[in-house]
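Enquirer: My questions all concern the structure below.
The values are calculated or read from the model by the stated rules, or taken from the named source; none is laboratory data. Source: prediction; values computed, not measured. Cβ coordinates were reconstructed from backbone atoms using ideal geometry, including for glycine residues, and neighbour counts include every protein chain displayed.
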């Protein structure tokens, strides 16, 4: 029987990216640019992917994600902080919820 955590993983990894891709295709590529890059921060899997892609200079030239991510988001400290927020925020919420 699937657990709630399993559903969250599927939603973040698959459904979120599929919705963004569908929006890009439906709008003919007009939606995107800077806005799409910042929407990617709402998905911890995408944050991890961006952090890994921009960590190596060779990967930047081979991976298509670099064409839509603005240079400001290529900062490893910013992306690491965002990943840390994705770790601490749910943990803090769970701690608060189970103490009540």
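Enquirer: Answer with yes or no whether residue 82 is loosely packed, with under 15 Cβ neighbours inside 10 Å, part of a helix (DSSP H, G or I) and modelled with pLDDT of 85 or more.
Expert: Criteria not met by residue 82.
Enquirer: Right, next: Name the residue, out of 73, 41, that is part of a helix (DSSP H, G or I), surrounded by 10 or more Cβ atoms within 10 Å (Cβ to Cβ) and either at pLDDT below 80 or out of contact with any helix residue (DSSP H, G or I) (no Cβ under 9 Å at 6 or more places or on another chain) (or both).
Expert: Details: 41 fails: either at pLDDT below 80 or out of contact with any helix residue (DSSP H, G or I) (no Cβ under 9 Å at 6 or more places or on another chain) (or both).
One residue alone meets the criteria, 73.
Enquirer: Among the listed residues 23, 51, 36, 65, identify the single one that is under 26 Å from residue 84 (Cβ atoms), out of contact with any strand residue (DSSP E or B) (no Cβ under 6 Å at 6 or more places or on another chain) and modelled with pLDDT of 80 or more.
Expert: Details: 23 fails: under 26 Å from residue 84 (Cβ atoms); 36 fails: modelled with pLDDT of 80 or more; 65 fails: modelled with pLDDT of 80 or more.
None of the other options fit; the residue is 51.
Enquirer: Just give me the residues in region 1-20 being at pLDDT 75 or above, out of contact with any helix residue (DSSP H, G or I) (no Cβ under 8 Å at 6 or more places or on another chain) and either more than 23 Å from residue 54 (Cα to Cα) or surrounded by 12 or more Cβ atoms within 10 Å (Cβ to Cβ) (or both), in sequence order.
Expert: Within region 1-20, 15, 19 meet the criteria.
Enquirer: Being part of a loop (DSSP other than H, G, I, E, B), at pLDDT 70 or above and either closer than 27 Å to residue 75 by Cβ or within 17 Å of the chain's Cα centre (by Cα) (or both) is the requirement here; does residue 31 meet it? Quick ask: steps written out before the conclusion?
Expert: Values: part of a loop (DSSP other than H, G, I, E, B): yes; at pLDDT 70 or above: yes; either closer than 27 Å to residue 75 by Cβ or within 17 Å of the chain's Cα centre (by Cα) (or both): yes.
Yes.
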